[in-house]
1. Label point 7 Å out from residue 2 along Cα-to-Cβ: which residues of region 226-252 have amide N under 15 Å?
2. Taking the Cα atoms only, what angle lies between the long axis of helix 334-344 and the longest principal axis of the chain, rounded to 10 degrees?
3. For a Förster distance of 56 Å, can you work out the FRET efficiency between the beta-carbons of residue 320 and residue 54, rounded to the nearest 0.05?
4. Quickly rank 388-395, 305-312 as a protection proxy: mean count of other C-beta atoms within 10 Å, highest first.
5. As an exercise, take the mean of 1/r over every pair of distinct alpha carbons in region 125-206, invert it, and state the Kirkwood radius in angstroms.
6. Roughly how many nanometres apart are two label points built 7 Å out from the Cα toward the Cβ at residue 402 and residue 94?
7. Please give the helix 255-266 orientation as an angle from the longest Cα principal axis of the chain, in degrees from 0 to 90, rounded to the nearest 10.
8. Report the gain in length on full extension from residue 337 to residue 20: 0.36 nm times residue separation, minus Cα-Cα distance, nm rounded to one decimal.
Ligand code: C5P
């Protein structure tokens, strides 16, 4: 059995007879050391009691969007952020329909809309309801947006009908959940170096030039590779993020420092992913003393010189050149500029995103348009965590076919 120590699971229960089986699922999760919070819809409370679920999960059960006590301790947005995964079991036809149109008219649907965590649904309904085109369309729509499904199974139903619509067994849901939470260790032996975050270029002892990069995308990519067993070195500018598990992090401040560490690391790794927002220029001379404002000077000129282009230097390596993936954050003409950068910097792949109006920086969601020599692929908007997982897979596939 997988160890889910430290994993935080929200179990949503909607109103179906299969709700009694979810008690066993919660028991399995607790046995695997997961932290569990249960959210019940009002219809679900007709099938299972909050008291039972509280005893089994070891935590208070949430039922209402407007519960003053719950909002004090763990409001719905907090719970949406807290979750590593949301599993809705059983997920009724009604709940699936509401979710497919983005409704947020109870606590559980609100959580599903507010979370950036993966969502797994275990449908359970009468076989006729399941077979309806509208239900199938709703599920397809959700699947297209990244929602995962487990089941349903076929067989005899509580209502006496026979067909597809029985909720998967707790053990099957548990396995599907583990697959989402604990990725396969299939990248053992792959070595990856990633640059992330901004750089800071000192002006004087108290000031610097920098940019809005939060480092979230680069950190999510590092995590995505490390979770699959790759050996990951993360060269990070100054950011406010915890180091992902099993990632070797090297902190740097300036572009010059990042360049030095990157060049040393690049030749030892198979993949180089330049996600950092490197400052293009630095001070020609850093003032040793704090630059003072003077009464008679309304203008101050700083003389800047160009920083080395880290990714272009890596891509120009003759020997031991890794597979090089760059990023292009643009405010306009995203595709044209990205393709130009791919060629000019001699990259193997470029991941373009639009940062028009300051979008993306510091956000939890992003979308990417990937380009390589003979192809392209659009990765639609989703959480940076999920996007990083999809991107890691695309990079691996291009790396293998190179
Ligand atoms: O030219 P531009 O800064 O838009 O290119 C972005 C890509 O180049 C990113 O992958 C970024 O990490 C990388 N870069 C770099 N060193 C620089 C400037 C950009 O590695 N000095």
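1. Flagged as within label range: 227-229.
2. 50 degrees
3. Between residue 320 and residue 54 the formula returns 0.45.
4. Highest-to-lowest ranking by the protection proxy: 388-395, 305-312.
5. Over region 125-206, the inverse of the mean reciprocal pair distance is 17.2 Å.
6. 5.4 nm
7. 70 degrees
8. Stretched out fully, the residue 337 to residue 20 stretch lengthens by 108.6 nm.
Since every read-out is calculated from the coordinates, none of them should be taken as a lab result. Since the model is a prediction, treat every value here as computed from it, not as a measurement. In this analysis, Cβ positions are derived from the backbone assuming ideal geometry, glycine residues included, and neighbour counts consider all displayed protein chains.
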